[in-house]
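The values are calculated or read from the model by the stated rules, or taken from the named source; none is laboratory data. The structure presented is a predicted model; accordingly, all values stated were derived computationally and were not measured. Here the Cβ positions follow ideal geometry from the backbone for every residue, glycine too, while neighbour counts run over all protein chains shown.
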Amino acid sequence: MSTFVAVNTYTHSVTYVTDKMLMLLKDIIRWSGLSPEKLASDWTVLHRGISTWLTTHDLEEVHLEVYNRNTGDLVGRWDFEIYYGSSGDGGGMWVNPEDVKYAINKAGLWPSACDYRIVITNKPGRPNVEGWSGTMLRSTDGFVRQSIGTTIDGNGLRTGTTYWRKAK
């Protein structure tokens, strides 16, 4: 009986974190001045991949990569690093969009000539998921990484959130 409860609880955590991460990605895109249409049209594939790899513990990071659509150069990036296991604070389920919103307001909007994509970093040997293929992240040379801290906690499944901005 306890095995069923643990599996059921983890499944709930995976669904919660997947849903909240996709919603936070949508908010970042929208708050940064870009259209969330592409994200919305890819929602099912994104959800399937993220939830599958969270379930198998193969998901390491989810990246929102923003780039100049004319040159392909990186303009900015958001990373959600995945932490498996208890945080030691007694668990809980919450999301903190306010720290993300503050960072966006501080960094400013992205130009309308930008586009974006979601890139996943997985462990080797992860299961294949329909609709996903391999790719490489754009270089972050000339950028500075800024940590926001934990923005999503799903009772033993959390994200540490960072963003990349151009170095001054």
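Being surrounded by 15 or more Cβ atoms within 10 Å (Cβ to Cβ) and under 16 Å from the mean Cα position of the chain (by Cα) is the filter here, so list the residues in the stretch 101-116 that pass it. Steps first, answer last, please.
So in the stretch 101-116, the residues surrounded by 15 or more Cβ atoms within 10 Å (Cβ to Cβ) come out as 103-104, 107, 110, 114-116.
Answer for the stretch 101-116, where residues must be surrounded by 15 or more Cβ atoms within 10 Å (Cβ to Cβ) and under 16 Å from the mean Cα position of the chain (by Cα): A103, I104, Y116.
Name every residue in the stretch 144-168 that is of a type outside the set (A, V, I, L, M, F, W, C) and not in a strand (DSSP E or B), in order of residue number. Please lay out each step first, then the result.
Taking the stretch 144-168 first, the residues of a type outside the set (A, V, I, L, M, F, W, C) are 145-147, 149-151, 153-156, 158-163, 165-166, 168.
Hits for the stretch 144-168 are N155, G156, K168.
On the given criteria, is E98 under 19 Å from the mean Cα position of the chain (by Cα) and at pLDDT 95 or above?
Spelling it out, it is not the case that E98 is under 19 Å from the mean Cα position of the chain (by Cα) and at pLDDT 95 or above.
Taking the stretch 145-164, which residues are surrounded by fewer than 17 Cβ atoms within 10 Å (Cβ to Cβ) and farther than 23 Å from Y16 by Cβ?
R145, Q146
Under 8 Å by Cβ, and 6 or more places apart or on different chains, what pairs join a residue from the stretch 25-54 that is more than 17 Å from S13 (Cα to Cα) and in contact (Cβ under 8 Å) with a residue 24 or more places away in the chain with one that is assigned to a helix (DSSP H, G or I) and among the β-branched types (V, I, T)?
D27/V100; I28/V100; I28/I104; W31/V100; W31/I104; S32/I104; L39/I29
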